[in-house]
1. So which residues in the range B:1-15 are more than 9 Å from chain A (Cβ to nearest Cβ) and at pLDDT below 80, if there are any at all?
2. Can you tell me which of (1) among the aliphatic types (A, V, I, L, M); (2) over 25 Å from A:Asp94 (Cα atoms); (3) outside any strand (DSSP E or B); (4) away from ligand 2 (no atom under 16 Å from the Cβ) is the one A:Ala177 doesn't meet?
3. Being within 16 Å of ligand 2 (Cβ to nearest atom) and buried (at least 23 other Cβ atoms within 10 Å of the Cβ) is the filter; apply it to the range A:17-42 and report the residue that is nearest to the other protein chains (Cβ to nearest Cβ).
4. Check off (1) more than 16 Å from ligand 2 (Cβ to nearest atom); (2) open to solvent by 70 Å² or more (accessible area, probe 1.4 Å); (3) more than 14 Å from every other protein chain (Cβ to nearest Cβ) for A:Ile78 and give me the number that stays unchecked.
5. Would you check which residues across the range A:212-222 are within 16 Å of ligand 2 (Cβ to nearest atom) and either modelled with pLDDT under 90 or open to solvent by 10 Å² or more (accessible area, probe 1.4 Å) (or both) and list them?
6. Search the range B:148-162 for residues that are more than 22 Å from B:Ile106 (Cβ to Cβ) and pair each with any residue that is part of a helix (DSSP H, G or I) and open to solvent by 50 Å² or more (accessible area, probe 1.4 Å) when their beta-carbon atoms are under 9 Å apart and the residues are at least 6 apart or on different chains.
Amino acid sequence: MTAAANNSAVLRATNVRKTYQLGRLRVPVLRGVNIDVRRGEFVAILGASGSGKSTLLHLLGGLDAADKATTDTGPASIEFEGSDLIRFSTGRLDEYRRRRVGFVFQFYHLLPELTVLQNVTIAAMTAMGKLEYWSKRGEVRAHASALLERVGLGHRLQHRPAELSGGERQRVAIARALVNKPDLLLADEPTGNLDRVTGASILDLFTDLHKGGQTMVVVTHDEATAARADRVVRLVDGSVVAA
Amino acid sequence: MYQFLLTHRYLTSKVMPLLAALAVALCTAMVIIVWSVMGGFLVMLINSGRTLVGDVTISWPITGFAHYEELIKRLEADPDVAAATPTIETYGLIGLPDGRTETVQIKGVDGPSYTKVTGFADTLYWKPIDTPHPKDKYKDDPRLQNHKLWEFCFEGGKNLVRYEKPERGNVAVERPAVVLGVSVSGFNIREQWGFYPGQARARQPDGTTKPVNTILPVDGSVTINVLPMDTKGRAVDMVARTFPVANEFHSGLYEIDHKTVFVQLDALQNMLKMNRATRVATDSVVTTNAKGEETFATPTVLGEDPARVTNVLVRGKTQSFESKAADALADKVAGIYRQFAKDFEGQVPSSTSIRILTWEDQNRTMINAVRKETALVLFIFSFVSMTAVFLVLAIFWAMVSEKTKDIGILRAIGASRKGVAGTWLLYGAAIGLLGAVVGFAIAYGVVTNINAIHEWLGEKLGLYIWDPKIYYFSRIPSDLNATHVTIVLAGGVLASCVGALWPALRAARMSPVRALRFE
Ligand SMILES: Nc1ncnc2c1ncn2[C@@H]1O[C@H](COP(=O)(O)OP(=O)(O)O)[C@@H](O)[C@H]1O
Ligand SMILES: [Mg+2]
């Protein structure tokens with residue numbers, strides 16, 4: 001545990017539920033999840049496939065909406081620095097995704113038409129007005145290049161994602177997630193699609209970032225990956241179970 | 001900012017949107033070409049239509065009206081009137097040197113004053129020219145040589161006389177002559193640079209034919225037959241007279257060039273018995289004198305019938321295409337006529353029954369027909385251009401589906417709904433703009449070379465779309481109007497935006513998680 005972990009929670013999810021409606025069938029995927037993430041902490045969410053890890057991460061990242069609280073279920077909230085995401089307007093959620101969190105996906109999710117560098121700068125663009133970007137484009141590019149350098153892709157700036165290996169693509173995705181200096185880095189099985197060696201190098205990168213003070217939540221079904229975290233939250237069938 | 005980056009990238013890496021842009025280009029080009037040709041047609045029609053009619057016409061058909069010299073004097077005294085000229089309009093038959101007879105419109109004009117009121121002199125075809133038409137590679141145009149002859153023809157044409165060698169002395173004899181529309185005789189075969197005489201063969205009484213000189217103004221003559229009317233509008237015997245041809249004119253309006261013959265005013269007045277005449281009493285032709293012999297008495301002169309014309313054409317000081325200018329002049333002319341009719345009451349048509357028409361009135365049916373036709377064709381083509389909207393819509397719909405994951409990614413990294421919709425709209429606008437620019441380039445190329453293209457089509461494929469017999473003009477007119485072009489191009493961009501709008505909204509409404517899961 002790092003010292004930073006003693007700080008108050010950056011993110012606190014309380015009694016979070018998510019139910020999918022499949023025709024007439026209601027499929028509860030998250031059944032009242034509670035989770036805290038403190039500043040500087042590296043939390044792993046461990047669970048079997050289908051346990052609802054991705055769903056939870058999407059809710060934490062403001063990509064999807066949790067169920068509305070009812071009298072039956074009791075109050076629910078996902079508090080980020082004290083304010084509740086569940087009550088955010090669409091615009092505020094956009095803003096949250098834009099500046100506060102960075103997402104890394106299992107399948108990288110890069111834009112195939114853009115170069116490596118553009119895939120990173122585009123995230124910065126979304127967080128800036130046109131004029132702001134135009135006046136700071138030099139800085140932004142330098143910052144993005146530095147990040148790509150740091151993830152070991154300094155020599156690949158002008159390549160297309162299709163020309164990269166899986167590990168390299170995931171590094172680009174990590175650089176993209178970091179470009180707006182997010183308070184929170186969310187990663188959904190970032191090594192799930194990579195071989196062991198490449199996966200290990202990606203995990204090393206996460207460990208490095210964590211040492212640099214980055215707060216992060218990494219979803220995995222792999223015990224070894226979870227072992228690198230400060231804290232492991234186990235998810236079974238949509239509920240957190242004691243470690 | 002990312003909207004621009006993505007638009008740029010999508011545009012340069014996909015074929016589909018370029019097809020959409022091409023569709024927009026073809027549609028805008030089509031509409032611009034149609035509008036330009038129809039618009040040019042209208043402008044040319046108006047221009048040619050007014051070349052030979054002046055700005056305002058005072059008209060009393062068939063029987064004509066008298067004291068026109070006085071009317072012209074009064075008209076010309078007005079500061080707004082540049083000039084006025086008397087004319088006679090009637091119908092008749094023309095006998096051509098090869099034995100054919102055609103019905104034609106006959107206009108009696110006074111050369112010098114008619115030239116002042118109309119563009120008559122400019123339409124005269126036979127005049128000396130120095131530089132051949134750029135397409136006349138072999139300098140075939142006869143007007144390039146023999147300048148002296150064409151100088152005479154030109155002068156003769158302007159005055160409606162043929163100058164001939166006198167039998168004695170050296171002062172040329174002026175014979176009243178006619179000026180034919182360039183297509184009246186059928187001898188002039190049109191070439192790319194204009195008209196030049198072809199070969200005509202005249203039928204002989206024995207059934208054979210022999211070639212005849214086809215440049216009528218050189219030594220040809222024609223017979224004009226007209227039907228005079230008395231002041232009550234009753235037909236008198238047909239009158240025929242042979243005239244030398246002074247020149248031929250080319251107004252550009254096929255109907256006019258094909259069917260009009262100008263005759264010297266005095267000569268036509270004579271033929272139609274509209275010249276000044278002495279009226280005598282008919283009851284006392286034979287009298288018995290003191291010796292009881294019957295003698296022919298000098299007829300009692302009852303009065304004089306003044307010369308008559310059917311029209312007086314007026315040209316205004318300011319030359320304008322505005323209907324308003326012509327209408328104002330017409331009002332002025334009507335005022336002058338009112339006073340004139342009052343002063344000559346009982347001798348000239350009353351101011352309420354006389355017809356005063358502007359050049360636009362005279363060509364109204366033709367102009368309105370073309371205007372309506374233009375509107376209709378534009379409507380149809382714009383409607384057809386809706387296909388471009390649907391094409392953009394379909395292509396964008398497909399592209400939004402294909403790019404669903406990109407949309408999820410964009411949303412995940414913080415792009416707003418508005419931003420995502422904006423990306424697709426911008427993309428649509430970019431495709432529209434690209435299409436519009438290319439469309440304009442195509443349209444510009446086609447419109448400025450439309451006659452060359454038409455000739456090429458005719459030469460290579462035997463495809464002649466433009467038949468001068470139907471379309472009044474021997475060349476396809478065009479008028480690339482900046483306002484029209486702007487409207488069409490803006491329409492093209494707008495249509496693309498409209499086509500992109502629905503898919504854009506669909507993209508924006510998509511839930512980011514669903515979009516990300518999309519494979
Ligand atoms: N959009 C959806 N509609 C219906 N069911 C879904 C949807 N997304 C996920 N699920 C279901 O929710 C459960 C949890 O999914 P997920 O969060 O992706 O699990 P994990 O990431 O732990 O593998 C699965 O049974 C999955 O089928
Ligand atoms: Mg998952």
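1. B:Leu11
2. (2)
3. Only one residue tops the list, namely A:Leu30.
4. Condition not satisfied by A:Ile78: (2).
5. A:His221, A:Asp222
6. B:Leu149/B:Val218
The rows are residues; the columns are (1) touching a Ser or Thr at 6+ places or on another chain (Cβ under 9 Å); (2) away from ligand 1 (no atom under 15 Å from the Cβ); (3) farther than 21 Å from A:Gly61 by Cβ; (4) away from chain B (no Cβ under 14 Å).
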residue	(1), (2), (3), (4)
A:Gly199	yes, yes, yes, yes
A:Leu203	yes, yes, no, yes
A:Leu209	no, yes, no, yes
A:Thr215	no, yes, no, yes
A:Val218	yes, no, no, yes
A:Arg228	yes, yes, no, yes
A:Arg231	no, yes, no, yes
A:Val236	yes, no, yes, yes
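Residue-by-condition table, conditions (1) buried (at least 17 other Cβ atoms within 10 Å of the Cβ); (2) in contact (Cβ under 8 Å) with a residue 24 or more places away in the chain; (3) within 30 Å of B:Ala490 (Cα to Cα):
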site: B:Ile33; (1), (2), (3): yes, yes, yes
site: B:Val53; (1), (2), (3): yes, yes, no
site: B:Trp60; (1), (2), (3): yes, yes, no
site: B:Glu70; (1), (2), (3): no, yes, no
site: B:Pro97; (1), (2), (3): yes, yes, no
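The values are calculated or read from the model by the stated rules, or taken from the named source; none is laboratory data. If you're wondering where the values come from, they're calculated on a predicted model, not measured in any experiment. Neighbour counts run over all protein chains shown; Cβ positions are idealised from the backbone, glycine included. Ligands, DNA and RNA are stripped out before the accessible areas are found, and what is left, the full protein with its side chains, is counted by its heavy atoms. Shrake-Rupley method; radii C 1.70, N 1.55, O 1.52, S 1.80 Å.
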